[in-house]
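To start, the structure itself, in C-alpha cells.
Values quoted throughout were computed directly from the atomic coordinates according to the rules given, and no laboratory measurement underlies them. Computed from a prediction, not measured in an experiment: that's the story for all the values here. Cβ placement follows ideal geometry from the backbone for every residue including glycine, while neighbour counts extend to all protein chains displayed.
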Ligand SMILES: C[S@@+](CC[C@H](N)C(=O)[O-])C[C@H]1O[C@@H](n2cnc3c(N)ncnc32)[C@H](O)[C@@H]1O
C-alpha cells in the first residue's frame, strides 16, 4: 500500500490536541510544527483523517519540500517534483493558496503562477502533450514557505474541515467548529458529565460536544475533493470509511448538554443548527441571561466563549459581565469553568486566578483559554450516563 506524508494544518495552539487525535486514529506523527502536524498514512488514512479528525483544518498529501530564494529555484524545484504520480493528464490543477512567512519569496500571486507554469512544463514532458484541457477532476495545490523552505501539498479536503455542514445560519461571533471541538478536548469532560455553555450563540460548543458524545465523526455527512480522485483512492476505500464512521456512532447515549444565550435569535439559530447536525434531541437550548445560570447537580462543566469586548461599545460592559460569570460560577457546587477570551481582565473580574491558562489563536486574534478546575466526582458518581441516566 502506498504511503503518503500527510500534513494537517490547524489553529495555532492546537497542535498537541490534533497530534493526540491523529495518534488515537492509529497513525504515526512524524513532525509537529506551529500550526500543523505531519503524519504517515495510506489512502485509507486520507479518508479516515478527513472524516474523523475534529481539530484539523484540512488534510494535504505532501508532494515535496525544497529550499528556494529565487523564482528560478522555485520553478526548477517545482518542476522536479513527480506531479504525474498525483495528477492525471486531464486533471485540473492550480495553486489554490500560497502563504509565506519569513521568506525571500512572498508574493502569493507570483508564487502561484510560477509554480503552475513549472507543473505544466513537467507534465507536458511526462505526458507528451502540449495542451492540457483540464476537464477532469480538480487537484488544488497549497504551498507554504517558512524561512525559505517551500512545502508543497495536494489538498484532499476542499471546503475547510471546520465546515461540518450544520452551521448554515451565522451568529454574531461564531467560533470555528474545529476550535470548539479542541476546547472540549482540552477538558476532562466526558459524555457522562454535565456540560453547559451559557454564551452559546449559534450553538457550536454544545453541538460539537453532542457529536463527541455520540462518537459521531464530524465529516461523516460531507464530501471531500479527494472523493473524486479515483487515480489515487478507490471509491470503495471511501465507502468503507464512511461506513466505518456510521458503525462507530452510538446514537443511544443521552448526554446532559445545554446551551443558553440571552438573545432569542441566537437560540433560534442554535436550535436550527442542532437540527441540521441531527443533534437537536440531545441539547437543551434556552434563552437565559448569565445572571440566571444555576444548576442543582454537582460536578458539571461550563465550556464557553463569552463576548470579548473587542468592539468599543461592548468594552464598557465587560467588567460587570465577567463579574457576573464569577458570581454564577461561584454559586455552582464543584463545577469546572473553561473559558476562551481575549479580554485581558477576565481573571481579575471573575475574582479568581485560573488553575491553567493556554494561549490559542482564534483566527488572527490572540486569546487565552482559562481553566478553573473543580474537584473530580467520587467514583460512584462517574459513568452515570452513557445511556443509563435519563434526562429530566
Ligand atoms: C462570542 S459569542 C458566542 C459564539 C458561539 N460560541 C458560537 O459559536 O456561535 C457570545 C454570545 O454571548 C451572548 N451574550 C452576551 N451577553 C450575554 C449575557 N449577559 N447572558 C447570556 N448571553 C449573553 C451573545 O448573544 C453572543 O451570542
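Would region 4-155 count as rounded, prolate or oblate if I go by the C-alpha gyration tensor, calling it rounded below 1.5 in a/c and otherwise prolate when a/b exceeds b/c, oblate otherwise? Judged from the Cα gyration tensor, region 4-155 comes out oblate (a/c at least 1.5, b/c at or above a/b).
Nearest 0.05, what FRET efficiency do residue 109 and residue 16 give at R0 = 30 Å with Cβ-Cβ as r? The calculated FRET efficiency here is 0.30. Here the relative contact order of region 4-155, from alpha carbon pairs under 8 Å that lie six or more residues apart, stands at 25 percent.
Between residue 292 and residue 316, residue separation times 0.36 nm minus the direct Cα-Cα distance comes to 6.5 nm. Between residue 173 and residue 215, what's the calculated FRET efficiency when r is the beta-carbon distance and R0 is 35 Å? Round to 0.05. For R0 = 35 Å, the calculated efficiency reads 0.75. So for the pair residue 190, residue 147, with labels modelled 7 Å out along Cα→Cβ, what separation do we get in nm? The modelled label-to-label distance comes out at 4.1 nm. Once the Cα atoms of helix 235-248 and of the chain are each reduced to a long axis, what angle between those two axes, in degrees from 0 to 90 to the nearest 10, is obtained? For 235-248 against the chain, the angle is about 10 degrees. Rounded to 0.05, the FRET efficiency of the residue 129 and residue 2 pair, given R0 = 22 Å and the Cβ-Cβ distance, is 0.30.
The distance between label points at residue 40 and residue 28 comes to 0.3 nm (points 7 Å beyond Cα on the Cα→Cβ vector).
Distance between the modelled labels on residue 248 and residue 69, one decimal in nanometres: 4.5 nm (7 Å Cα→Cβ projection). Rounded to the nearest 10 degrees, the angle from helix 43-52 to the longest Cα principal axis of the chain is 30 degrees. For residue 344, put the label point 7 Å out on the Cα→Cβ axis and report which residues of region 292-317 keep their amide N under 19 Å from it. Correct set: 307-317. Length gained on full extension, residue 85 to residue 97: 2.2 nm, using 0.36 nm per residue less the C-alpha separation. Applying 0.36 nm per residue to the separation of residue 356 and residue 76 and subtracting their alpha-carbon distance, the gain on full extension is 96.0 nm. Relative contact order of the chain, taken over Cα pairs closer than 8 Å and 6 or more residues apart, is 15 percent.
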